[in-house]
Amino acid sequence: MANTRAPSTGEPYYLRNFLLLADTVLARDGALFTDEERARLDSVRALPLPARLLLLRLAGRREGWLRHSRLRYPEIPALDEALDVLEGAGWLERAPAAESPPEELAAGLTHEECLHLLRVAGQPLRGGAQAARRRLQALLREDCHTESFVQLGLWPADNSLLCALAGLDQWVRLHQHGLFRLLELLFFGNRHQDLRQFVVSELGLQRFETVKPGGEPDADGWIRSRVEAEELLEAGARLDRLQEELDELRRELKGWRRRLRLPPGPARRARDLLRAAWELATPAQLSHLPMPLRPQDGAAQLRRTRLRALLAGAALLERLGRPGAAAAWQRMALELGVEGRRRGETWLRLVVNLRHSGRLESAQAACQQALAEQPGPVIRRELEQRLGGARPLREPPVLRWSQLRHPGHAGGRTLLQADSGAALCVEELALARFAHDGWQGLHVENLLPRALVGLAAWNLIFAPVPGAFLHRFHAAPLDWGRPGFVERRAEEWRRLRTRLLRERHRAGVRERLHSKAGLQNPLVNWSVFQPGGEPSGHDPGLWRRGLELLLEVLPGRLLAELCEGLLREPSELGHGLPDLLLWRESGPGQPPEWQLVEVKGPGDRLFLAQRLWLDWLLERGLPVSLLLIEEEVVPRRSPADPVGA
DNA sequence: ACGCCAATGG
DNA sequence: TTCACACGCTCCG
DNA sequence: GAGCGTGTGTCTCCATTGGCGTAG
Ligand SMILES: [Mn+2]
Ligand SMILES: [Mn+2]
């Protein structure tokens, strides 16, 4: 697009944002567009202002036929004129017209309008909107075979149904919707962000760290070819649809047990979805493609998308009680290069499915094979336990309280009767009873340790590594959570580690808690530190004190271990930390007393990640314990003293 | 009357 | 583009 | 206790609107 830097006086935000985005993409990836497309994009600036505005308004709306009556923009009073200009320039088509597909137009009709048209067709129907629309569309489909708008002329007087449809409204459809989506994809490097990001950021609803995009002058772009970009868009859309349909099927299968026969309806849908997953994954084709080098490249994203389809299919096979087939799909996914946390989980499911299908030696071999790949600690432990002979884990000291159960549940969670009479969930109850003994505390789970690491490693996370950033809207670098993340930042990691080992990190963390407040970071959830989150009940002051305490009492050596673990495996290690952080002042000049507590109510158990974190914390001599709250059977017995003992 | 959902816009 | 957690059921040793 | 299924809250930026299903 021409480099006419128009003054932004009075330009609506959406026009300004689009021009900025398009210019950036054409400068960076102009070669991915045909001459005709470049000319078309250039011509945007030459359109009369109302038409230009309308074009970008339409680009921001959903794809497909839009009803004319729903196009109302105060800044475009001469709507029809603008529509004519855009139609003349080939940007859009209007309906009803020759070859307009009545069935698609009917998709935008309301319940009432559908009923009206059905009456006109002499087929009155009572029932829901969906049923009415489907019935109407079926009728229109039939009609299409014999008559259409074109055969009948614009006003098909001899077909009352089409005539009535045409009388309801006009419709508009943008031809080039895909071109706009392509621009967004190329700008953001992913298919989750779009032009709205500019607005959200401008309004300060989401703020981002300032990063240095690019940094590798001779590098190829993140996407190689036009075909790759389009495949990425298409595969992503197909995966979304697949997962939606899988969710639907899963809901239908609720309560179905493997013993029972699968009803024919769900059985057929399951077959269809398995085929769809397989066709999206195209494993035979994937096996011939080279493994992508950088995780943020289009080819790598495409591979991940396809492998997710394969794994979704495997999960469906598991649900259907076909462990053998599921195992085959999972082994294929492993061979085709599933990475990261998914890889470990896939190995695990493979082992389980091999066992379920009675192939014990294969399961054993898969265990060995998986362990040889050095998976993260949780997966490693799962595998070792299946092989037998895993080392025993350290057991935390256990506190046992008993408490009356409160009748009723809060969103499925058990409620307990506090001494005050209030109904509290187990963690709240524990906090309340610890407070009797002077403890202050928070239900932190993973939030606080992750935030501490996010603040400590801030500069590493946003270091200007080549290819890590594309634009100014990054919550995380593009290779966040992917293998080799720390290695690609070896120098930054060495500096951070040294600083931590020398206990020189604290001032920096405190400073960033203020200077970076509100900036997106993959490990920091700012809402707990900031006021305004009143409905969620967070006390920002208390959270800041909790963070300060953790920063104070945690030796740099341990924080370094935490940092390295969370930077390498943010998702595998980012969960399972104990529920509560508690502290209490122990006199002037003394460091405060503190402890971590995992709370378990009646019927709850530790899961593996929690056991491993407890083991890790105990190994390092940190004060952590397990609090088991049992249901008090005999009413009004004096509760055991929780901490004094 | 209420809640859910998709669509929309800043 | 979810994830993290709690909780209940079934089966088994 | 293992294994599995299920549900919830918390994220998605947030407020508003219209359409629609459901409960009452
Ligand atoms: Mn918890
Ligand atoms: Mn707990």
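The values are calculated or read from the model by the stated rules, or taken from the named source; none is laboratory data. These numbers come from a predicted model, not from an experiment. Cβ coordinates were reconstructed from backbone atoms using ideal geometry, including for glycine residues, and neighbour counts include every protein chain displayed.
Selection of segment A:569-584 for residues being within 18 Å of the chain's Cα centre (by Cα) and either assigned to a loop (DSSP other than H, G, I, E, B) or within 16 Å of ligand 2 (Cβ to nearest atom) (or both) yields A:569, A:574, A:575.
If a residue must be within 16 Å of DNA strand B (Cβ to nearest atom) and either aliphatic (A, V, I, L, M) or in a helix (DSSP H, G or I) (or both), how many such residues does segment A:392-448 contain? So that I can check it myself, show each step before the final result.
Step one: list which residues in segment A:392-448 are within 16 Å of DNA strand B (Cβ to nearest atom), which gives A:410-412.
Those still in the list that are either aliphatic (A, V, I, L, M) or in a helix (DSSP H, G or I) (or both) too: A:410.
The number of residues fulfilling the criteria is 1.
Being farther than 30 Å from residue A:17 by Cβ and either under 38 Å from the mean Cα position of the chain (by Cα) or within 16 Å of ligand 1 (Cβ to nearest atom) (or both) is a description that applies to residue A:101.
Scanning segment A:89-103 for residues that are at pLDDT 95 or above and either surrounded by 18 or more Cβ atoms within 10 Å (Cβ to Cβ) or in contact with a strand residue (DSSP E or B) (Cβ under 9 Å, 6 or more places away or on another chain) (or both) turns up A:91, A:92, A:93, A:94. Whenever a residue of segment A:593-608 is of a type in the set (D, E, K, R), its partners that are near ligand 1 (Cβ under 10 Å from one of its atoms), lying with C-beta atoms within less than 7 angstrom and at least six residues away or across chains, give the pairs A:598/A:578; A:598/A:579; A:598/A:610.
Here is the figure for segment A:219-250: residues that are farther than 11 Å from residue A:276 by Cβ and more than 11 Å from DNA strand C (Cβ to nearest atom) total 20. Checking the structure you have, find out if any residue of segment A:340-347 is in a helix (DSSP H, G or I), of a type in the set (Val, Ile, Thr) and either crowded, with 20+ Cβ neighbours inside 10 Å or more than 16 Å from ligand 1 (Cβ to nearest atom) (or both). For segment A:340-347, residues in a helix (DSSP H, G or I), of a type in the set (Val, Ile, Thr) and either crowded, with 20+ Cβ neighbours inside 10 Å or more than 16 Å from ligand 1 (Cβ to nearest atom) (or both): present. Looking across segment A:495-536, the residues that are farther than 15 Å from residue A:455 by Cβ, surrounded by 11 or more Cβ atoms within 10 Å (Cβ to Cβ) and more than 23 Å from the chain's Cα centre (by Cα) come down to A:495, A:497, A:498, A:501, A:503. Under the condition of being within 23 Å of residue A:414 (Cβ to Cβ) and more than 16 Å from ligand 1 (Cβ to nearest atom), which residue from segment A:591-636 is surrounded by the most Cβ atoms within 10 Å (Cβ to Cβ)? Once the filter is applied, the top-ranked residue is A:632. Taking helices (runs of 4 or more DSSP H) as the structural unit, those lying wholly within segment A:1-90 and holding at least 3 residues that are hydroxyl-bearing (Ser, Thr, Tyr) correspond to A:13-29.
Wholly within segment A:159-272, which helices (runs of 4 or more DSSP H) include no fewer than the required count, namely at least 1 residues that are more than 22 Å from the chain's Cα centre (by Cα), in contact (Cβ under 8 Å) with a residue 24 or more places away in the chain and more than 26 Å from residue A:93 (Cα to Cα)?
A:196-202, A:226-252
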